[in-house]
1. Pick out the long, greasy-scoring helices in the chain: whole DSSP H runs spanning 27 Å or more along their own axis by Cα, mean Kyte-Doolittle at least 0.0.
2. If I take every Cα pair under 8 Å that is 6 or more residues apart in the chain, average their sequence separation and divide by the length, what percent do I get for the relative contact order?
3. I need the fraction of alpha carbon pairs in region 15-104 separated by more than 14 Å, rounded to a whole percent.
4. Within the chain, what is the number of lysine pairs with alpha carbons under 28 Å apart, leaving out pairs fewer than eight places apart on the same chain?
5. Towards the positive end of the charge dipole of the chain, with charges on Cβ (+1 Lys, Arg; -1 Asp, Glu), say which of H49, Y145, N81 has the farthest Cα.
6. Let me have the relative contact order for region 15-104, percent, based on Cα pairs under 8 Å that are six or more residues apart.
7. Counting pairwise Cα distances across the chain, what percent come out greater than 19 angstrom?
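Rule-based calculations on the coordinates, nothing more; no lab input. Please read all numbers here as calculations on a predicted model, not as lab measurements. For neighbour counting, all protein chains shown are included, and Cβ atoms are generated from backbone atoms with ideal geometry for every residue, glycine included.
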Amino acid sequence: MPFAPPLPMPAEPAPHSPIHALYADHHGWLQSWLRKKLGNTFDAADLAHDTFVRMLAGQHPPTIAQPRAYLTRIAQNLLANWCQRQALERAYLQALAAMPEALSPSPEQRLLILQTLHEVDAMLDALKPQARRAFLLSQIDGLKYEDIARELGVSLVTVKRYMQQGFRGCLALMTD
């Protein structure tokens, strides 16, 4: 097998680049803001990091008129997703605690189930609100399509389209 040279490391931002300045000027403030919201330094640090990663994924280099407002908006969205995941995990762990020990899944199975729940949650979150609501009314509440159409004030064809979107998302999860 021929020798492959190592891959080049990504370049560090120059000390005077807009990215470096944005990070240096606002990271501490953002992490402090998140720490006040969460009451937890470690999760605040993770979410602050994720905020800058998300920001950098969107623009190269970022040109932002009001950086704190922009970073706050990204952080709020990430925080909302984080809170949803935490609530989902708590509900799952409560359900596990209520199970007889003999029926309780192994730690490996628990991890797989949590990962799957996170993937399903992300898939549902990617749907438009009406499509997500229609899908959940059908799959969780057991409503018929006609009842969903009445509940949402949309046509039966629209409900069927929403359901297709939900099922396509589920199918995509299964094929991954």
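1. For the chain, where a helix must reach 27 Å along its axis and average at least 0.0, the hits are 107-126, 156-175.
2. Numbers: 96 pairs, mean separation 23.3, N = 176.
Over the chain, the number comes to 13 percent.
3. Percentage above 14 Å: 69.
4. Taking the chain as the scope, the lysine pair count is 4.
5. Positive-end residue among those listed: Y145.
6. Details: 46 pairs, mean separation 22.5, N = 90.
Computed value for region 15-104: 25 percent relative contact order.
7. On the way: 10971 of 15400 pairs.
In whole percent, the long-distance tail amounts to 71.
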